[in-house]
Amino acid sequence: MAADHLVIAGKEFQSRLIIGTGKYPSNAVMAKAHEASGADMVTVAVRRVNLSDRTKESLLDYIDTSKMFLLPNTAGCYSTDEAVRTAQLGREAGLSNWVKLEVIGDEKTLFPDNEQLVEATRILVRDGFVVLPYTTDDPIVCRKLEDAGAAAVMPLGAPIGSGLGIQNPNNIRIIREFSRVPVIVDAGVGTASDAAFAMELGADAVLMNTAIAGAQDPVAMAEAMKHAVRAGRLAYKAGRIPRKMYATASSPVEGLVGR
Amino acid sequence: MFNKSVNITLNGDPLDVPGPVSVTALLESLAIDVRRVAVEHNLVILKRATFDQTLVREGDTLEIVNFVGGG
């Protein structure tokens with residue numbers, strides 16, 4: 001099969017699986033999971049340096065940034081201003097002008113505040129950022145984000161960390177149909193079949209953290225996700241058969257013995 | 001050498017440091033790797049190239065951030 005790489009804002013990625021760096025049992029396990037996943041882009045959060053304990057090892061000691069593209073997020077930001085400020089700090093701390101933009105609207109669901117998200121996207125695009133906004137699975141909001149200059153749209157499959165799987169597959173399909181930029185299903189994946197399903201719906205990539213980091217064996221789950229994303233992508237490209245109510249025999253109906 | 005001390009707010013907490021001091025020297029004294037952080041000085045995000053010239057003075061507010069695990 002010809003190369004089928006993920007391309008965002010002109011940058012090519014080998015893998016269609018993007019993974020997080022949070023909540024692993026240890027940094028060593030994280031590094032092994034990253035390796036097993038085949039991913040070449042990972043998300044990171046921007047936080048105050050821990051000044052009370054300088055002996056604490058740095059996350060970046062466990063990420064080979066020559067192979068792995070760092071995507072800083074604005075997780076935990078509840079306003080446009082906070083998100084823009086965090087994105088700008090992430091740009092200075094990091095190696096690129098890319099940001100996974102989150103503007104959260106509610107603590108319990110961690111659902112995005114789409115109004116502020118669109119505004120923040122507009123501001124950051126104007127400031128030269130490649131913006132990948134985390135959004136609800138709403139095709140109209142995704143269209144607005146794209147119009148605001150987003151380099152991809154990242155609709156949720158289900159609430160962050162919920163592991164519920166893709167709650168509104170039809171919306172993901174519609175978003176894929178509407179979008180001219182890559183669609184990355186971000187959040188909600190619980191297990192490999194969820195990731196495959198997202199890809200079968202036409203998603204260009206899947207982003208996950210908890211599904212791998214929170215698994216009993218994160219390294220094995222990372223490998224499972226690698227295969228699931230590939231399988232789902234292949235199935236999407238292959239074109240599935242239509243659904244039918246009744247059976248259609250796979251074996252010839254003529255030439256049966258004794259008839 | 002007589003070195004005065006300045007009171008600053010660093011990551012939300014008050015802190016006395018010898019100063020005025022450059023951002024580079026402040027990071028060094030805190031054992032922070034310059035290449036892995038971003039610094040906001042009185043609400044202005046600094047380019048790394050300006051760490052040497054930027055002086056931290058009495059009453060200044062600084063935020064020093066780095067990357068941590070996240071999704």
Note to self: With the structure loaded, tell me whether B:I32 is closer than 29 Å to A:M41 by Cα, out of contact with any Asp or Glu (no Cβ under 7 Å at 6 or more places or on another chain), facing chain A (nearest Cβ under 7 Å) and modelled with pLDDT of 95 or more or whether it fails that test.
What the structure shows: no
Note to self: Can you tell me how many residues within the stretch A:2-23 are at negative phi and either without any contact (Cβ under 8 Å) to a residue 12 or more places away in the chain or not β-branched (V, I, T) (or both)?
What the structure shows: 14
Margin query: Looking only at the stretch A:94-122, filter to residues that are surrounded by fewer than 18 Cβ atoms within 10 Å (Cβ to Cβ) and of a type in the set (A, V, I, L, M, F, W, C); which one of those is nearest to A:A75 (Cα to Cα)?
Written below: A:F111
Margin query: Consider the stretch A:48-64. How many of its residues are more than 10 Å from every other protein chain (Cβ to nearest Cβ) and either in a helix (DSSP H, G or I) or in contact (Cβ under 8 Å) with a residue 12 or more places away in the chain (or both)?
Written below: 1
Check: Among A:R85, A:R16, which is the only one that is facing chain B (nearest Cβ under 10 Å) and among the basic types (K, R)?
Finding: A:R85
Notebook entry, point to check: A:A187 versus (1) surrounded by fewer than 22 Cβ atoms within 10 Å (Cβ to Cβ); (2) at positive phi; (3) among the aliphatic types (A, V, I, L, M): which is the lone unmet condition?
Noted result: (1)
Check: So, of the residues in the stretch A:19-47 that are within 14 Å of B:G71 (Cβ to Cβ) and basic (K, R), which turns out to be nearest to the other protein chains (Cβ to nearest Cβ)?
Finding: A:R47
Item checked: Residue selected from the stretch A:36-66 under the condition surrounded by 17 or more Cβ atoms within 10 Å (Cβ to Cβ) and within 20 Å of B:T9 (Cβ to Cβ), by the criterion nearest to the chain's Cα centre (by Cα) -> A:V46
Next item on the list: Give me a count of the residues in the stretch A:89-125 that are assigned to a loop (DSSP other than H, G, I, E, B) and either in contact with a Pro (Cβ under 9 Å, 6 or more places away or on another chain) or over 16 Å from A:D138 (Cα atoms) (or both).
Entry: 13
Notebook entry, point to check: Quick check: is even one residue across the stretch B:64-71 surrounded by 12 or more Cβ atoms within 10 Å (Cβ to Cβ) and more than 11 Å from chain A (Cβ to nearest Cβ)?
Noted result: no
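Could you list, in sequence order, the residues of the stretch A:88-115 that are of a type in the set (F, W, Y) and away from chain B (no Cβ under 14 Å)?
Correct list: A:F111 only.
The values are calculated or read from the model by the stated rules, or taken from the named source; none is laboratory data. Given the structure is predicted, the values throughout are model-derived calculations rather than measurements. Methodologically, a virtual Cβ is constructed for each residue, glycine included, from the backbone with ideal geometry; neighbour enumeration extends over all protein chains shown.
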